[in-house]
Ligand SMILES: NC(=O)c1ccc[n+]([C@@H]2O[C@H](COP(=O)([O-])OP(=O)(O)OC[C@H]3O[C@@H](n4cnc5c(N)ncnc54)[C@H](O)[C@@H]3O)[C@@H](O)[C@H]2O)c1
């Protein structure tokens, strides 16, 4: 099969591309290398360097025909979305629209989209969210992702594109960018812990905030498995574990598995950040039955990888 993977130089997209290539498929990657790295790109993929919100980049796809488009590229930080909202909407929404137009033009009927749990925002005391719940985006990042979901629904209804919007919760694990200190709670704390140039860990927000952390290998299996799974067509699906881990539990795990201890300093949270959220995964459980990695083991594997321990 022939697949387009956008964001294939980033954390999630590169792992998805690796898996598809390992399965024997042909993969074309588009990436603007804004947060991704050339070194992440599978050498067996065809790489197009460019921005998915640029029509000139999309026109370079005219010579290809894809069985599915996996649109994983995107500005992935809520914090950055406030620094540059226009780049954010281009990266997260205009890109989707251009790729949907391309899909219609080329007759590609399958489209997988990397959305986010951020679309739920904060809603009173509610902590666990299902796909049936209302959305309440609090960051420009979440607005852009939610708008993409809305475009997907319309392209499905009018043009018969079979989409799946994956509302990823917090993804972590080996391969995550340890340089980008604006995205990825576990990777940010891990970097500050293992890099001697940091004398402390800086936490933006309180220690009792929590998240639903899902291991990268599970995300890759779920995402690639859905490509041909009809039950996932035209669905929005939470991709989490259904379990919550607080910042303080996470810091304790990181300390345990790196053997490193540093002082922790707490600062005000970033705008639009949710206090605590975890996924209702009933829908996911009906579609994906393999066991999900436990946070304890996942963090251990990530720490070992980051420390270069075999
Ligand atoms: N990592 C998470 O916890 C998480 C959670 C929810 C949603 N997501 C979404 O999943 C996707 C992948 O996230 P990630 O963690 O791999 O982030 P990442 O920053 O490592 O990867 C994103 C990749 O997309 C590329 N990119 C960004 N904007 C682009 C554009 N306009 N055109 C072409 N390439 C572009 C970047 O260079 C990078 O290689 C993103 O869309 C993100 O919003 C991630």
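Remarks
- Within segment 81-100, if we keep just the residues that are more than 9 Å from the ligand (Cβ to nearest atom) and under 13 Å from residue 143 (Cα atoms), the residue that is surrounded by the fewest Cβ atoms within 10 Å (Cβ to Cβ) turns out to be 86.
- Lone qualifier among 41, 21 - being within 19 Å of the chain's Cα centre (by Cα) and in contact (Cβ under 8 Å) with a residue 12 or more places away in the chain: 41
- Residue within segment 265-275 that is farther than 30 Å from residue 159 by Cα and assigned by TED's automatic domain parsing to the domain that holds residue 141 present: no
- Residue tally, condition buried (at least 23 other Cβ atoms within 10 Å of the Cβ) and either modelled with pLDDT of 95 or more or not in a loop (DSSP other than H, G, I, E, B) (or both), over segment 118-145: 9
- Tally of residues being within 13 Å of the ligand (Cβ to nearest atom) and in a helix (DSSP H, G or I) across segment 102-117: 1
- Residues considered: 214, 227. Of these, the only one that is within 18 Å of residue 285 (Cα to Cα), in contact with a strand residue (DSSP E or B) (Cβ under 6 Å, 6 or more places away or on another chain) and surrounded by fewer than 22 Cβ atoms within 10 Å (Cβ to Cβ) is 227.
- Comparison of 68, 45, 17 shows that the only residue that is within 19 Å of residue 171 (Cβ to Cβ) and more than 10 Å from the ligand (Cβ to nearest atom) is 17.
Here is a yes/no grid of residues against (1) crowded, with 24+ Cβ neighbours inside 10 Å; (2) closer than 26 Å to residue 184 by Cα; (3) assigned by TED's automatic domain parsing to the domain that holds residue 218; (4) near the ligand (Cβ under 9 Å from one of its atoms):
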{"position": "11", "(1), (2), (3), (4)": "yes, yes, yes, yes"}
{"position": "25", "(1), (2), (3), (4)": "no, no, yes, no"}
{"position": "32", "(1), (2), (3), (4)": "no, yes, yes, yes"}
{"position": "39", "(1), (2), (3), (4)": "no, yes, yes, no"}
{"position": "54", "(1), (2), (3), (4)": "no, no, yes, yes"}
{"position": "57", "(1), (2), (3), (4)": "no, no, yes, yes"}
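- Those strands (runs of 3 or more DSSP E) of segment 189-296 in which at least 1 residues are under 21 Å from the mean Cα position of the chain (by Cα) and modelled with pLDDT under 95, considering only elements entirely within it, cover 201-204.
The values are calculated or read from the model by the stated rules, or taken from the named source; none is laboratory data. If you're wondering where the values come from, they're calculated on a predicted model, not measured in any experiment. Every residue, glycine as well, gets a Cβ built from its backbone with ideal geometry; the counts of neighbours run over all protein chains shown.
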